[in-house]
Amino acid sequence: MALPTNQSVCIVDDDVQVRRFLVEVLASIGLAAEEYPSGEDFMRRWRAGNTGCVLLDIRMPRVTGPEVHDWLRQRNPEVPVIFLSGYADVPTAVRAMRLGAFDFLEKPFNVQQLLERVNAALQLADERRNATTGLSSEDDWRQALTPRELEILGAIVDGKRNKVIAADLGISERTVETHRAHIMAKAGAGSVIELVGMVIGRK
């Protein structure tokens, strides 16, 4: 799938090595990146324009990632935000999703997963810009799912267990569990049963 090259990615992280790594990875596929070493710097210098998505570290001194996210949502809620953290676990991921994040990535990054998430976020931003009518609230969460999450959602609805889904997709059972947590957070579902009911109710 072609990446929207007219959009830039904003990187907000106090770790200079992380920023440099992300800039290099994004540049390798033709994407421009803007670096911000702190939440304060981002809030001072950022201007709405061609920002496709924001890669936002959760734990930063003084102004945290969630605080930056709240600030950004008040000014431009259409920009997808991908939270980054070196202290990731499923509860943290769920909290990030409930803040309205597009996705959550754990450090150190899997490059393929990183590019997949950025690609999906940029596509969503592009669709939001070009859309003439908004999606209904019931469909918003599905629009936010990545291709992999849509695959796993379909398997969950089919009643497959994590172990079977992992074998079918050639990934680890832990990865399936993380994706499932992302899906449930985006859907706002409190349980798998509720999630399945939401999907079946929209078919």
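At a glance:
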quantity	calculated
Residue in segment 51-58 that is of a type in the set (Ser, Thr, Tyr), assigned to a strand (DSSP E or B) and closer than 19 Å to Val18 by Cα present	no
Filtered residues of segment 18-42 (kept if open to solvent by 30 Å² or more (accessible area, probe 1.4 Å) and in a loop (DSSP other than H, G, I, E, B))	Ser28, Ile29, Gly30, Pro37
Out of Lys186, Lys160, sole residue that is part of a helix (DSSP H, G or I) and either surrounded by fewer than 18 Cβ atoms within 10 Å (Cβ to Cβ) or of a type outside the set (Phe, Trp, Tyr) (or both)	Lys186
Residue check for Gly100: loosely packed, with under 15 Cβ neighbours inside 10 Å, in contact (Cβ under 8 Å) with a residue 24 or more places away in the chain and more than 12 Å from Ile11 (Cβ to Cβ)	no
One residue from Pro61, Pro66 being closer than 17 Å to Lys186 by Cβ and either part of a loop (DSSP other than H, G, I, E, B) or modelled with pLDDT under 90 (or both)	Pro66
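The values are calculated or read from the model by the stated rules, or taken from the named source; none is laboratory data. Keep in mind it's a predicted model, so treat the numbers as computed, not measured. A quick note on method: Cβ atoms are made from the backbone with ideal geometry, for glycine too, and the neighbour counts reach across all protein chains shown. Accessible surface is based on the protein model in full, side chains and every heavy atom, while ligands, DNA and RNA are left aside. Shrake-Rupley method; radii C 1.70, N 1.55, O 1.52, S 1.80 Å.
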